[in-house]
Amino acid sequence: MNKTEKYSLLIEQICALIEGETDSVAVMANVCAAIHETMGFWWTGFYRVQNGELVLGPFQGPVACMHIGYGRGVCGMAWKEQRTIIVPDVELFSGHIACSSLSRSEIVVPVFSKDGEVVAVLDIDSKELATFDYIDQQYLEEICKMLTIGQH
C-alpha cells in the first residue's frame with residue numbers, strides 16, 4: 001500500500017473514531033495513535049496552546065519536551081506563522097529544539113479553532129532525513145481540519 005492509500009484509509013478511520021466525541025484531548029489521543037500506528041512514524045503528538053505557550057498533549061513515542069514557547073522551534077514557528085512547516089533536516093532548521101538527537105526530519109501542522117485561532121499543533125518526527133512531503137502535508141492538514149474544536 002502506498003502513502004496515499006494509507007492516508008485515505010486513515011482519514012476514514014479517524015472519521016469513525018471521532019464522530020460524536022466532544023472531548024478534544026480524547027480526540028487528539030486517538031487521532032495521534034491512529035496516525036502513529038498506520039504510518040509508522042517515530043514520534044507523533046500534539047502540543048496544545050495554553051497560557052501563551054505550547055504544552056505537551058497526547059502523543060505516541062519516546063518522552064518529549066513539555067513546554068515550547070511562541071515562535072520557538074518548528075512547533076512554535078508553525079503556531080506563530082499559522083501554517084504547516086516541513087523540515088527535511090532538523091539540523092539545518094535555525095532554532096530547532098532537539099527533544100531527541102534521533103529526530104532527523106519533522107512536519108508540524110496547526111490545528112485551528114472555529115474562530116481561526118491556533119489551538120494546537122500536530123508534530124511528527126522521523127528518524128530519517130526528508131521523510132515528509134506535500135502528500136503528508138495535504139493529508140495531515142485534512143486530518144487537522146477534522147479536529148477543529150467544536151466541529152466534530
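The values are calculated or read from the model by the stated rules, or taken from the named source; none is laboratory data. This is a predicted model, so every value here is computed, not measured. As a convention, Cβ positions derive from the backbone with ideal geometry for all residues, glycine included, and neighbour counts pool all protein chains shown. The accessibility values were calculated without ligands, DNA or RNA, using every heavy atom of the protein model including side chains. Shrake-Rupley method; radii C 1.70, N 1.55, O 1.52, S 1.80 Å.
Taking square-rooted eigenvalues a ≥ b ≥ c of the alpha carbon gyration tensor, is the chain rounded, prolate or oblate, where a/c under 1.5 means rounded and, failing that, a/b exceeding b/c means prolate?
Taking the square roots of the gyration eigenvalues as a ≥ b ≥ c, the chain is oblate.
Can you give me the accessible area per residue for the chain, using a 1.4 Å probe, in Å²?
Value for the chain: 50 Å² per residue.
Can you show me the helix-derived [θ] at 222 nm for the chain, built from DSSP H runs with n ≥ 4 at -39,500 (n - 2.57) apiece and divided by the number of residues, rounded to the nearest 500.
Theoretical 222 nm ellipticity from helices: -11500 deg cm²/dmol.
So, counting K/R as plus one and D/E as minus one, what does the shell of residues with Cβ under 12 Å around I68 add up to?
Its environment carries a net charge of +1.
Using DSSP to define loop residues, name the chymotrypsin sites (Phe, Trp or Tyr not before Pro) in the range 50-119 whose beta-carbon has at most 16 other beta-carbon atoms within 10 Å.
Y70, F93
Here are some pairs, K3/K80; K6/K80; K3/K127; which of them have Cα atoms lying more than 27 Å apart in this structure?
K3/K80; K6/K80
Roughly speaking, to the nearest percent, how much of the chain's 1.4 Å accessible area is carbon and sulfur?
49
What's the magnitude of the charge dipole for the chain around its Cα centre, counting Lys and Arg as +1 and Asp and Glu as -1 at the beta-carbon? Answer in Debye, nearest 20.
240
What's the local net charge at A26, with K and R +1, D and E -1, over the other residues with C-beta under 15 Å away?
Spelling it out: positives minus negatives among the neighbours equals -2.
Scan the range 4-79 for GluC sites (Glu not before Pro) in coil per DSSP, keeping those whose Cβ has at most 12 other Cβ atoms within 10 Å, and list them by number.
The qualifying sites are E19, E21.
Assuming 0.36 nm per residue, please report the length gained on full extension of the stretch E128 to M1 beyond their Cα-Cα distance.
Result: 43.7 nm gained on full extension.
Taking 0.36 nm per residue of sequence separation and subtracting the Cα-Cα distance, how much length would be gained by fully extending the chain between V63 and E21, in nm to one decimal?
The V63-E21 span can extend by a further 12.4 nm.
Where does the charge balance sit around R104 when Lys and Arg score +1, Asp and Glu -1, over other residues with C-beta under 11 Å from its C-beta?
Its environment carries a net charge of -4.
Kindly list the residues of the range 106-123 that lie in the label zone of N51, defined by a backbone N under 20 Å from the point 7 Å along the Cα-to-C-beta vector.
Zone members listed by number: 118-121.
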